[in-house]
Amino acid sequence: MPGKSFFIDTTKCTGCRGCQIACKQWNQNPETKTLQRGTYQNPADLSATTFKLVRFSEEGGRQGDPIWYFFPDQCRHCLYPPCKMAADKKAPGAVILDVKTRAVIFNPAVKVSPEDFKEINAICPFDIPRYNEELGSMAKCTMCFDRVSAGMLPACVQACPTGAMSFGDRADIRKMAEKRLDEVKYEHRRASLIYPEAIRVIFLVKDDPEKYHRFAATQNETGVTRRMALKQLLHPVTTGLKIS
Ligand code: SF4
Ligand code: SF4
């Protein structure tokens, strides 16, 4: 299953939010009302009309200067998506895989009850699925499969001014990510790629993923169901996962 992948190099991210805005524009999602919450991150969370969100975390450095951790959050387009496995039982057809790109797509034409949605959300290791109450359907990043099928880059990648986001054939992207990790490790020994073997959106972080976002990589506090789903995702052969 080759398909496509993203590489998100957070060491090059400046938190400009160009990707977040480009995502809104391409998907024709309405603006989200924002509030002053004592952080530069806005809005507070992903939603049925915010598929991409640059998360901001701040930590005091040794000299008292802040250290920023920017995390352009979005669906990881898992190779064996737990959301699809849950949805196939609850609302068949609500989650489909694009044949060419292998993008994981939520089908807005298939209605999902609020109760079933809760179960589908609870199995996503990265807390991505959101519910559109008006339409009774689920929403998230589509990998811009419409743009990609027409030979274009996803809107967020196209908009990024720093080269933090890359997109392409999976084998090429994995090589690019490994090469960049080797470079970054010279300066940041804790640098790592987050689950590159299991997901199509590969993040490079220079520090513990939990410093960036609670759901950047699944931690103990993120719940048993999500952790079990991640375990299956990381070991699809031994757990016998099948995707149609
Ligand atoms: S990140 Fe969550 S919503 Fe996205 S494909 Fe994986 S399980 Fe599904
Ligand atoms: S557009 Fe690029 S630099 Fe700006 S927030 Fe997004 S990933 Fe970071």
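Points worth noting:
- Applying Stokes-Einstein at 20 °C and 1.002 mPa s to the Kirkwood radius of the stretch 75-189, computed over alpha-carbon pairs, gives a translational diffusion coefficient of 135 µm² s⁻¹.
- Cα centre as origin, Lys/Arg/Asp/Glu Cβ charges: the stretch 153-244 dipole, Debye: 220 debye
- Contact order, relative form, for the chain: 27 percent (alpha carbon pairs under 8 Å, 6 or more residues apart, mean separation divided by residue count).
- Of the GluC sites (Glu not before Pro) found in the stretch 1-67, those in coil by DSSP whose Cβ has at most 10 other Cβ atoms within 10 Å are E31.
- If you take the alpha carbon atoms of the stretch 55-142 and fit the smallest convex hull around them, that volume is 121 Å³ per residue.
- Taken about its Cα centre, the stretch 42-163 carries a charge dipole of about 440 debye when Lys and Arg each add +1 at the Cβ and Asp and Glu each add -1 at the Cβ.
- Rough spin-label spacing in nm, given labels placed 7 Å along Cα→Cβ, for I67 and M152: 3.9 nm
- Enclosed volume per residue, in Å³, of the convex hull spanned by Cα atoms of the stretch 157-227: 111 Å³
- Student exercise, the chain dipole from Lys, Arg, Asp, Glu Cβ charges, in Debye to nearest 20: 400 debye
- log₁₀ of I(q)/I(0) at q = 0.17 Å⁻¹ - the chain, Debye sum with one point per alpha carbon: -1.45
- Degrees separating the helix 114-123 axis from the principal Cα axis of the chain, which is the longest one: 50 degrees
- Given 14 as the ceiling on other Cβ atoms within 10 Å, longest exposed-site-free region of the chain for chymotrypsin sites (Phe, Trp or Tyr not before Pro) in DSSP loops: 41-185
- For the chain, with +1 on Lys and Arg beta carbons and -1 on Asp and Glu, the positive-most of A44, F126, G60 along the dipole: F126
- Computed on the Cα atoms alone, the convex hull of the stretch 1-56 gives a volume of 112 cubic angstrom per residue.
- Selection among G168, M228, C23 by position relative to the dipole of the chain gives G168 as farthest towards the positive end (Cβ unit charges, Cα centre).
- Based on Cα contacts under 8 Å between residues 6+ apart, the stretch 1-122 shows a relative contact order of 20 percent.
- Applied to the stretch 148-164, the Karplus parametrisation 6.51 cos²θ - 1.76 cosθ + 1.60 on θ = phi - 60° returns per-residue 3J(HN,Hα) values of 4, 5, 9, x, 9, 7, x, 4, 5, 5, 4, 7, 5, x, 10, x, 6 Hz, with x for Gly and Pro.
- Cross-link pairs exceeding 27 Å between alpha carbons, from the set K175/K231; K24/K175; K140/K231: K24/K175.
Where a number appears in this text, it was derived from the coordinates with a stated rule and is not lab data. Nothing here was measured: the structure is a model prediction, and the numbers come from that model. Using ideal geometry, Cβ is built from the backbone for each residue, glycine included, and neighbour counts are taken over all protein chains shown.
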